[in-house]
Amino acid sequence: MTTPETAAAPSERTRIRRIPANAAYDRATLHAIVDAAYLCHIAFADDKGAHCIPTACWREGDHLYIHGSNGSRMLKRLTDSECCVTITHLDGLVLARSAFNHSMNYRSAMVYGRFEVVSDEAQRQRALENFMEHLAPGRQAEIRPGSDKEYAATTVLRISLAEAACKIRSGGPNDDEEDMQQLAWAGVLPLALKALAPVMDARCVTPAPAYVQQWLQD
Ligand SMILES: Cc1cc2nc3c(=O)[nH]c(=O)nc-3n(C[C@H](O)[C@H](O)[C@H](O)COP(=O)(O)OP(=O)(O)OC[C@H]3O[C@@H](n4cnc5c(N)ncnc54)[C@H](O)[C@@H]3O)c2cc1C
């Protein structure tokens with residue numbers, strides 16, 4: 001999965017030891033996993049103990065971005081302590097012929113480091129516009145842009161993707177040869193995050209733009 005040309009060397013804490021054949025450390029794999037995500041989970045610790053909080057995310061270059069209210073406890077903590085960001089895409093349930101060979105197909109990524117505040121005003125606004133583009137390409141040009149007050153109340157943070165590991169499982173069950181006679185159905189139930197038909201707001205008078213049409217087709 002990882003080729004020497006594209007793989008960054010894993011750090012002591014990102015080297016995958018359990019089933020290392022499923023590991024990947026290259027940028028393309030990591031970026032694809034982050035780009036396919038609307039949210040991540042961020043683990044950090046404070047004086048009350050450990051927390052793991054889900055939040056929206058997006059990528060620009062080799063950084064993962066998050067945003068939130070200036071008053072957010074999590075956002076304040078994240079700039080003064082190390083954290084671990086996790087993204088998981090569940091791709092399927094793997095049903096084997098024996099109980100202990102069941103598995104799941106997935107693409108996951110873990111990123112380690114410390115978030116930094118995006119303080120440059122132009123960069124911050126561009127980042128938030130990129131977030132909108134990530135959710136719905138083309139939408140930024142259609143909506144009322146954020147006001148100075150709204151931008152001022154919002155913190156944008158980013159974390160380098162430099163120290164990261166990806167782990168991917170795909171394919172069918174790995175049954176032991178002696179279990180192949182077991183008359184149980186075996187295979188994969190593929191799973192995917194799917195957009196359902198968009199529901200138009202009752203007061204909306206605007207025809208569906210291209211990205212909404214796309215969701216309708218999906
Ligand atoms: C949907 C899903 C279901 C899973 N179910 C189970 C389960 O039921 N039981 C189970 O034991 N494991 C499960 N796993 C695998 C689990 O995420 C760990 O990889 C595994 O438990 C080994 O953990 P470890 O700390 O012993 O691994 P190690 O290989 O020792 O971990 C070393 C380092 O590798 C990196 N790493 C480890 N796991 C991942 C990962 N998944 N993605 C990215 N980087 C990683 C981290 O940086 C970690 O510090 C599941 C994973 C997913 C995504």
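The values are calculated or read from the model by the stated rules, or taken from the named source; none is laboratory data. What you see is a predicted model, and the numbers here were worked out from it, not measured in a lab. Every residue, glycine as well, gets a Cβ built from its backbone with ideal geometry; the counts of neighbours run over all protein chains shown. Just so you know, the surface numbers come from the protein's heavy atoms only, side chains and all, with ligands and any DNA or RNA stripped out. Shrake-Rupley method; radii C 1.70, N 1.55, O 1.52, S 1.80 Å.
Structure summary
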| quantity | calculated |
| --- | --- |
| Heavy-atom accessible surface of the chain: percent carbon and sulfur, 1.4 Å | 57 percent |
| Total charge dipole magnitude, the chain, about the Cα centre, Cβ charges on Lys, Arg, Asp, Glu only, Debye to nearest 20 | 420 debye |
| Efficiency of FRET between Ala197 and Leu93 - r from beta-carbon atoms, R0 30 angstrom, step 0.05 | 0.75 |
| Efficiency of FRET between Thr86 and Ala153 - r from beta-carbon atoms, R0 22 angstrom, step 0.05 | 0.20 |
| Estimated [θ] at 222 nm from DSSP helical runs (n ≥ 4, -39500 (n - 2.57)) normalised by residues in the chain, nearest 500 | -5500 deg cm²/dmol |
| Residues Ala56 and Ala9, FRET efficiency given R0 of 30 Å [Cβ-Cβ distance, rounded to 0.05] | 0.50 |
| Across the chain: Cys residues that no other cysteine approaches within a C-beta distance under 4.7 Å | Cys52, Cys83, Cys84, Cys166, Cys204 |
| Computed lengthening from His102 to Asp35, 0.36 nm per intervening residue step minus Cα-Cα distance | 21.3 nm |
| Gain upon complete extension [Leu183, Asp46; 0.36 nm per residue less C-alpha separation] | 44.2 nm |
| Whole-Å semi-axes of the ellipsoid equivalent to region 97-194 (Cα gyration tensor, √5λ, descending) | 46, 18, 9 |
| Residue (of Ala109, Ala202, Ile87) at the positive-pole extreme of the chain, dipole from beta-carbon charges | Ala202 |
| Furthest towards positive pole of dipole, Asn70, Gly138, Leu193, structure part the chain, Cβ charges | Asn70 |
| Accessible area per residue in Å² at 1.4 Å probe, computed on the chain | 61 Å² |
